[in-house]
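These notes concern the structure reproduced below.
What follows draws every value from the coordinates through simple rules; no lab data is involved. Quantities reported herein were computed from a predicted structural model and do not represent experimental measurements. Virtual Cβ from ideal backbone geometry, glycine too; neighbours counted across all protein chains shown.
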């Protein structure tokens, strides 16, 4: 054992370990760790890999369901039975910290990493989504981040060849320093053809495949587990560099090698590289490994053992192969011109031994490194922040009703959070794969054709961070509900959830209070919709410096959901289809402008509670709309969300440039009627021939519904007053992001 | 008729093209691996879209040197039909089987959206049965799709009716606004002088499945099948 590189508590602290963690390592090893070993523990016990400050609460999320083929945490991604012999692997992951300092590579490798999580299980990715949060759109930094994040996602995903079918882009100054970049991938695999991230069978060879290993991304996992500060740009070497071409080859080779039947287990290399994949696979299979680091193909000479172990170079996999069948595996990777090199073998026991030029450089028990094993688990204290009760003091009556609501309407359509995201979306290939059914019928969710079946897969990603900031419990429940609502409006049934939990520093009790309550709200909603959480990712330490003060970002528990459409003829778009169709609001209009874009930006009032939300009401609403779509009673469906009813009506009208003529409800304030964001509302249009059927069905439910008016002409007519032609309003809505990014 | 779809490393529309030929049109189709030299008696070759060899250096620049392309070039020079879509078009230009080049889009961004194109001639297998007044809604998805050729080359293309499609608006009018990428004279697709090698940036295979609610691309394939059938009969 090489102990010449002595390591002590100061070194441990520099690597991000706590003093008690250092003591625990000494206890596990029964001796002082050397520098290489300390590096291994520092990444494996980092927040990013160990979930040490979140796992206790994450375990409280509902994780069981009839369709689940793997429980949360068991595999690289969740696995859901779709019927017809198919299963769906899906997951969302953050790449916030790298994107904050190197947006192009940060975002690109986020896309690469999440796709590897899917195909390492044997599933072919068929759809991608992303959820992006940036700072004040006026800032040059925001424009720089947006430009290169979008380019990074596009360049990587377009070449890799998986369509983007959904996503969100959100702006708020709390994200000025620290954007949130979450990427989700959805893949399909024949049931029973999946591969586990497991290592077993003494003597089985261990191969590294794909790209060579370089110095990029060393300590990336540790970097992702600390606050972003002014000095963070010094950590650019912690950012990995992506190569989508290698990823595409790796995808094809991986799916092909699984077919040989010679693979025992496989795991991609993301955070903590060789360290993480060798230890997690070994711990899961309850075996050890001997690894010869000098055999790893390197990009540059003279890399130290810890650098090889910790490198987060992209587009690599670790594969354990059945002894005697090595040639079959080598042939596949040779065909695709990829590295495939044996770097070790499976051993008895559970000890990982890493050698460099015949010298043992580190020796650690696999179990001691991993989540669910020896990795620390902490209880964090939490405390309700003062702002929470202050928010509740808000009263709508204190807000003057704006005189000219037409001006407000144009203002709202001109808000970056509301306006069209076309500038972003056009840079992504949304159609490769010829499966995206929501290209020509714009739907609230992405709809993906499951070729060869009657079914379609639906997917959506959502979170209104402002609601979660205002009330983490309600906000997180709303995030789940809205994602489910998107799937229901498009003609599907919600099935399962993946989440990306983006929060500030967990050692801040107020941040941790946001985290705990978000989990509770999410759990309650997921139980109600019977959408178990199949996995995901936690990203703490997201904060910005505002006016010299460090503030946590808005808590953003981003929900990614999949759903199923049993009959793809049920696909339902947001757009009005025919003049004369009746427009109905299903759900109740309320005197509520809490947390709305209108209150926040027009009135500049930033303290209010989350909008009205009742989970039971939401559930009933979705049940009714599911039935209306199944029975083909409605022509279109679009949920009321950010910006309120006016934005929903406008977006439905814009699709086919058909106007509307509606009347408001005099029992509530007109600004609340048009721009309030109270939850559980869906706008549908009904052909006059189906009116009776519609009314009978809607009346048999407990949900209120009202006839707003009808599809007519080319204007937005409200109480007989024109708010503008749809074409003119669309000109505002369509160009906001373009004008921000490419001003004339 | 047996179709071959070349699979380069980095091709990502190969599956889509095979799906459309096989499942939508019931044609015999085989993938052709880039390292092979055997065209497997295919009578018609498609070069699909994607990022062959990562499109490093320049789109299509490396793919033209692959073993299969040597055979495709011979096949084309002997009068065999070759159609390149998107990256396939770029490869055909790099291989000098088609005139001109595809440059970075004017806005220097990748563009993916539905575009409209209008057939310009009946003198090609892809356009012979198309209505020249009927614009087609066909998706584009490219970063380097700006067609460029020198003035004298463009003049020759026009004189010989080698321009097969131009970008237009949804009414079929060829306008600067409907040109998505800055292509010279809105050119979206061309053929060679012998008219057996065809390249186009828009993806007709993305507009051929009824499940996607846009089947404007079907007529292009149908035109090809009909023309081939006629030629077989008259042979």
- Query: Going by how many other beta carbons lie within 10 Å of each one, how would you line up A:463, A:526, fewest first?
  - Reply: A:526, A:463
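With N denoting the number of residues in region B:2-234, provide Rg(C-alpha) divided by 2.2 N^0.38 Å, to two decimal places. Walk me through the numbers before you get to the answer.
Details: Rg = 16.0 Å, N = 233, 2.2 N^0.38 = 17.5 Å.
Working it through for region B:2-234, the quotient is 0.92.
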- Note on the structure: Reduced to Cα centres, the span from region A:23-58 to region B:94-173 in Å works out to 59 Å
- Provide the packing ranking of B:82-90, A:691-699, i.e. peptides ordered by the mean count of other C-beta atoms within 10 Å per residue, highest first. B:82-90, A:691-699
- Message: Can you show me the helix-derived [θ] at 222 nm for chain A, built from DSSP H runs with n ≥ 4 at -39,500 (n - 2.57) apiece and divided by the number of residues, rounded to the nearest 500.
- Response: -10000 deg cm²/dmol
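Give me A:57, A:602, A:45, B:33 ranked fewest to most by other Cβ atoms within 10 Å of their Cβ, as a rough exposure proxy.
Details: A:57 22, A:602 19, A:45 28, B:33 16.
Lowest count first: B:33, A:602, A:57, A:45.
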- Whole Å is fine, so just give me how far the alpha carbon centre of region A:140-217 lies from that of region A:306-359. 22 Å
- Message: Out of all DSSP beta bridges in region B:2-234, what portion is antiparallel? Express it as a percent rounded to 5.
- Response: 55 percent
- Plugging the Kirkwood radius over Cα pairs into Stokes-Einstein for region A:1-150, at a temperature of 25 °C and a viscosity of 0.890 mPa s, what D comes out in µm²/s? 130 µm²/s
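Return the Rg/Rh ratio of the protein assembly as shown with Cα-based radii and a Kirkwood Rh. Don't jump to the answer; show the numbers that get you there.
Values: Rg = 28.6 Å, Rh = 29.3 Å.
Rg divided by Rh gives 0.97.
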- Task: Take the alpha carbon gyration tensor of region A:373-484, find the square roots of its eigenvalues, order them as a ≥ b ≥ c, and report rounded if a/c is under 1.5; if not, report prolate when a/b exceeds b/c, else oblate.
- Result: oblate
- Message: Compute the helix-to-body angle for A:615-630: its Cα long axis versus the longest principal axis of chain A, expressed 0 to 90° and rounded to tens.
- Response: 80 degrees
- Message: Given contacts defined as C-alpha pairs under 8 Å and at least six residues apart, what's the relative contact order of chain A, whole-number percent?
- Response: 15 percent
- Message: Test of understanding: extend the Cα→C-beta vector of residue B:123 to 7 Å, then name every residue of region B:172-206 with backbone N under 13 Å from that spot.
- Response: B:191-196
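Over all residues in B:105-116, what is the mean tally of Cβ atoms on other chains that come within 10 Å of each residue's Cβ?
Numbers: counts 0, 0, 3, 1, 9, 11, 3, 13, 6, 3, 0, 0.
Partner Cβ neighbours, averaged per residue: 4.
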- Cα pairs beyond 27 Å in region A:564-702, in percent, come to 21 percent
- Query: Gap in Å between the Cα centre of region A:417-465 and the Cα centre of region A:512-550?
  - Reply: 25 Å
- Item | region B:2-234: relative contact order as a whole-number percent, Cα under 8 Å and 6+ apart | 19 percent
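Looking only at the protein assembly as shown, where both bridge partners belong to it, what percent of the DSSP beta bridges are antiparallel (to the nearest 5)? Intermediate results must be reported in sequence, preceding the final value.
Values: 118 of 155 bridges.
Just about 75 percent of them are antiparallel.
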- Query: Three principal axis extents, largest first, for the C-alpha atoms of region B:129-196, in Å?
  - Reply: 30, 29, 19
- Query: Equivalent-ellipsoid semi-axes (√(5λ), Cα gyration tensor) for region A:506-632, whole Å, largest first?
  - Reply: 34, 22, 15
- Task: With an 8 Å cut-off on Cα pairs and a minimum separation of 6 or more residues, tell me the relative contact order of region A:347-403 in percent.
- Result: 18 percent
- Order of A:498, A:109 from fewest to most other C-beta atoms within 10 Å? A:498, A:109
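Could you tell me what % of all Cα pairs in region A:383-435 have separations over 13 Å?
Numbers: 1065 of 1378 pairs.
The proportion of pairs with Cα distances above 13 Å equals 77 percent.
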- Report, to the nearest 10°, how far helix A:140-160 tilts away from the longest principal axis of the Cα atoms in chain A, using its own Cα long axis and a range of 0 to 90°. 70 degrees
